[in-house]
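Asks: What follows is a single structure, and I will ask about it in a moment.
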Amino acid sequence: MFDSQWFSKIERPSRYVGEEIHAVKKDLRTIDVSFALAFPDVYEVGMSHVGLRILYHILNRQNWVAAERVFCPWIDLETELRNHGLALRSLESRRSLAEFDIVGFSIQHELSLTNVLTMLNLGGIPFLAREREGVSPLIVAGGPACFNPEPFALIFDAILVGDGEDAVLELCEVMRDAKRTNVSKEELLVRMSQMRGMYIPKFFNVSYGARGTISAIEPGLTGYRKIQKAIVPDINLYPLPDSQIVPYAELVHDRLTLEISRGCTRGCRFCQAGMIYRPVREREPGIVLESAAKGLAKTGFEELSLLSLSSGDYGCLGPLLKALMDRQAEGKTAISLPSLRIDSLDKAWFEQIKRVRKTGFTLAPEAGNDRIRRIINKKLTDDEIFSTADKIFFAGWEMIKLYFMIGLPGEEDEDVLDIVRLVKEVSRRGGRRGKVNASIAAFVPKAHTPFMWMPQIPLMESRRKIALVRGALKEESRVRLKWNQPEMSWLEGIFSRGDRRLTEVLFRAWKKGARFDAWSEQFALTSWMEAFSEEGVEPDFYLHRARDPEEILPWDHIRSGITKTFLLAEHRKALEGIETPDCRGRCLSCGVCDHESVGPVLYSLWEPTGVKKNVSASRSIEKYRVVFCKTGLLRHLSHLELVRLFIRALRRARIPIVFSAGYHPMPKISFAAALPVGTESLHETMDIQVYGPASVSIILDRLAHQLPAGIRVLSTTGLAPGSKAPRLKESRYEISLKGSPISTDHMRAFLGSEAFFVSKKGKREEKRIDVRPLVKSMEALESGRVRLVLNHTQGPEVKPAEIVKRVFDLDEKDILKVVKTDEVVE
């Protein structure tokens, strides 16, 4: 696949090459259990997920387990795989899914389910668990969407509900024992049913009444009636992975991510994560501090993210931020807090965060006024929102992101227009330079929340309310409004509270082409509407009706720990607009904590020891020219990905790069040319500026040890102070063509021409470029190769393959390989 010319033409081929720093490859002949961590989205989304990184680390620490990664291919690669009869394979060993003992899918949301089907199909694995007879591959799932697994339950042999750190190792031990004793699949599943949090769908039968509601959920295995979620009482028992994989492709969250706490005490009634991840368990701040130092040193990431459902509630955030910045500011490492509550912000944090770079401030008022926020238990007032905005703008930030929902319980049109009022006021408080990015989405009631009995607003009503906000803000030049497609919220709502009758709808929609339903450009409403109609399933049954508190809900056998009694009490308080306090102050008896083995883990008093503020002495600046080659699979990296690779390698090598000044410091590194994706090069040039004194041999040695296979430093030379950035003057290529001999008539005609035009696609239009002045020489070589020398002082850049295709009248498939053999740099 990687040697095919079509591969470099697909979108972001770096998603699929693997070979990253810290990726783990094991000899599969020496391990007992192979585990494919399958994420049903593209690489840059899946690799942003901290849970995947944690499980990858936990599993691969065991010498008898090999954990590998596989992601859903984008539409273009799926097409090519099918056209060429190729299977979907893991990044590490290139094995197909069907060759693994366990394939574990991470189901983060309901709109990823069609991607699960794509991955199974490309792996040659039947969709339904009952169609798979052997012990392996065992198809399992986990993630927050598994707290109502019923719409997809029949696909999986087993579904893990809750925390995965303990459970994945126990699952591997059960699989290892099953392989050694050669048990049947039925016996394997019986053994797995003894694990806490492990749901075996085949051991439960669901029946329906005349009104379409569930009449009974009947267990088919003695003593196996309810699934209690798996829980890790103390996340400090599982160290954060220091050697996180360093990607080549730019991730959605492209940074070192450290989970500083799990769970939330706020009790927002709409928030499923806040309910299912209880209780709150903070990580010891000293562990976070050391993990950050080790992780940044081993990865070279430029940004550190402190992850939590509510980072501002972390008990020791103030001293932790200061200690982190004292250690990391000199290396220009920025810190971001992706989840902040307005009422928890401390202005002292602003000063710490902006010591390197002003990362974004994202706030979630959720609703436009205090009344609706009382209903949803978002204990926040307009005055607090405006006061926080004042602090952020005063500290030097020029943009604030705000998140809202429409369709919340009790909402009227005036409440929707209050969103507009609030956004305008926040923007006004930023003055002439202040900007607001506002996002709105339709509210989707979720299982295991106080709103799980409530109806979701109709699709047309979602469209109308979003249009109301759009129309009211269209003249606001300092406000940028984004919105989730209401059609996507419509589908999410159906599956979030759906049952097993939706499984066939899912299959039919997939067969009609549904893919990547969480991506607005791919979402196909027509496919879904047809699938519902053809399967005789009414979507409104799952969306627009209120559930009776006595109704059997599809997830009633799945226990999150929170009692129905507590959720019903919160439901009633919402209807009355009564708030519930934060449970950090006192236990509210929700049912999760027994205060013996399970309870809150909090840190309120902590002062760092042995942390010295790094103060840079005045140092000289030295400049070096590095010549390197780019070969093998890494020829598929784009120029920006190559730049990022070198920046992180330099940071890992502890080579002190010089950064630009200003609010967004950038490393002073420059390249002579941008190499086309898919082109190998035996000679590339870049200049770097570092703080000295440093010897050439030290830089060469340190950098060489931090580069992946396919990137090799050939030489390093010192440059005079003030020397200019590298400028490409001439480059030489060898291009291998399909078939031989080469038509020298075409080549002679080209070389004898005064002008020769090639079409080049631009962002807006196609341009015709005369490439004759660009070509210094062209000659035919043996074995169907062409040598091409380009003069880069003569006009715009054109890919050498495009020139050869036009000269010899060839198709894309006729270009087998392009290698840059040398270059002349001024």
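Asks: Would you please name the residue that is farthest from Ser695 (Cα to Cα), looking only at residues in the range 653-671 that are open to solvent by less than 40 Å² (accessible area, probe 1.4 Å), aliphatic (A, V, I, L, M) and assigned to a loop (DSSP other than H, G, I, E, B)?
Replies: Taking the candidates together, the pick is Val658.
Asks: If you don't mind, there's one more thing I want to ask. May I ask you to say which residue of Tyr199, Tyr224 is crowded, with 21+ Cβ neighbours inside 10 Å, more than 24 Å from the chain's Cα centre (by Cα) and aromatic (Phe, Trp, Tyr)? Walk me through it before giving the result.
Replies: Numbers: Tyr224 fails: crowded, with 21+ Cβ neighbours inside 10 Å.
Result: Tyr199 is the single residue among Tyr199, Tyr224 that is crowded, with 21+ Cβ neighbours inside 10 Å, more than 24 Å from the chain's Cα centre (by Cα) and aromatic (Phe, Trp, Tyr).
Asks: Restricting to the range 802-826, name every residue that is open to solvent by 40 Å² or more (accessible area, probe 1.4 Å), of a type in the set (D, E, K, R) and either modelled with pLDDT of 90 or more or under 14 Å from Arg787 (Cβ atoms) (or both).
Replies: Residues satisfying the conditions are Glu802, Arg806, Lys817, Asp822.
Asks: Can I ask one more? Just need a number here: residues in the range 84-109 that are outside any loop (DSSP other than H, G, I, E, B) and either over 13 Å from Cys72 (Cα atoms) or of a type outside the set (D, E, K, R) (or both).
Replies: 9
Asks: Which one is least open to solvent (accessible area, probe 1.4 Å) among residues in the range 130-151 that are over 22 Å from Ser496 (Cβ atoms) and in a helix (DSSP H, G or I)?
Replies: Among those that are over 22 Å from Ser496 (Cβ atoms) and in a helix (DSSP H, G or I), it is Glu131.
Asks: Please count how many residues of the range 24-40 are of a type in the set (A, V, I, L, M) and open to solvent by 30 Å² or more (accessible area, probe 1.4 Å).
Replies: Result for the range 24-40: 2.
Asks: Within the range 691-710, can one find any residue that is touching a residue at least 12 places away in the same chain (Cβ under 8 Å), within 29 Å of Lys9 (Cβ to Cβ) and of a type in the set (Val, Ile, Thr)?
Replies: No, the conditions are met nowhere in the range 691-710.
Asks: Now, a different point. So in the range 296-322, with the set limited to residues that are assigned to a helix (DSSP H, G or I) and touching a strand residue (DSSP E or B) at 6+ places or on another chain (Cβ under 9 Å), which one is most open to solvent (accessible area, probe 1.4 Å)?
Replies: Going through the qualifying residues, I end up with Lys298.
Asks: OK, next. Being of a type outside the set (A, V, I, L, M, F, W, C), touching a strand residue (DSSP E or B) at 6+ places or on another chain (Cβ under 6 Å) and open to solvent by 40 Å² or more (accessible area, probe 1.4 Å) is the filter here, so list the residues in the range 724-743 that pass it.
Replies: Matches in the range 724-743: Lys729, Arg732, Glu734, Lys738.
Asks: Consider Ala66 carefully, then state whether it is open to solvent by 20 Å² or more (accessible area, probe 1.4 Å) and of a type in the set (Gly, Ala, Ser).
Replies: So Ala66 fails the test.
Asks: Say we look at the range 547-564 and pick out the residues that are in contact (Cβ under 8 Å) with a residue 12 or more places away in the chain and farther than 24 Å from Tyr224 by Cβ; which of these is least open to solvent (accessible area, probe 1.4 Å)?
Replies: Arg547
Asks: Within the range 410-451, can you find the residues that are of a type in the set (Gly, Ala, Ser), assigned to a loop (DSSP other than H, G, I, E, B) and farther than 30 Å from Ile558 by Cα?
Replies: Within the range 410-451, Gly430, Gly431, Gly434 qualify.
Asks: Any residue in the range 766-777 that is under 16 Å from Phe628 (Cα atoms), in a helix (DSSP H, G or I), in contact with a strand residue (DSSP E or B) (Cβ under 7 Å, 6 or more places away or on another chain) and open to solvent by less than 50 Å² (accessible area, probe 1.4 Å)?
Replies: Within the range 766-777 (the criterion being under 16 Å from Phe628 (Cα atoms), in a helix (DSSP H, G or I), in contact with a strand residue (DSSP E or B) (Cβ under 7 Å, 6 or more places away or on another chain) and open to solvent by less than 50 Å² (accessible area, probe 1.4 Å)), the answer is no, since none of the residues qualifies.
Asks: For the range 679-699, what are the residues that are part of a loop (DSSP other than H, G, I, E, B) and open to solvent by 20 Å² or more (accessible area, probe 1.4 Å)?
Replies: Across the range 679-699, the qualifying residues are Pro693, Ala694, Ser695.
Asks: Test of understanding: among Ile372, Ile400, which residue is crowded, with 20+ Cβ neighbours inside 10 Å, assigned to a strand (DSSP E or B) and modelled with pLDDT of 90 or more? It would help to see each step written out before you state the result.
Replies: Working: Ile372 fails: assigned to a strand (DSSP E or B).
So the residue among Ile372, Ile400 that is crowded, with 20+ Cβ neighbours inside 10 Å, assigned to a strand (DSSP E or B) and modelled with pLDDT of 90 or more is Ile400.
Asks: What residue, among those in the range 473-532 that are of a type outside the set (Gly, Ala, Ser), in a loop (DSSP other than H, G, I, E, B) and under 19 Å from Leu459 (Cα atoms), is most open to solvent (accessible area, probe 1.4 Å)?
Replies: Within the range 473-532, the match that is most open to solvent (accessible area, probe 1.4 Å) is Glu521.
The values are calculated or read from the model by the stated rules, or taken from the named source; none is laboratory data. All values reported here derive from a predicted model rather than from experimental measurement. Cβ coordinates were reconstructed from backbone atoms using ideal geometry, including for glycine residues, and neighbour counts include every protein chain displayed. Ligands, DNA and RNA are excluded from the accessible area calculation, which covers all protein heavy atoms including side chains. Shrake-Rupley method; radii C 1.70, N 1.55, O 1.52, S 1.80 Å.
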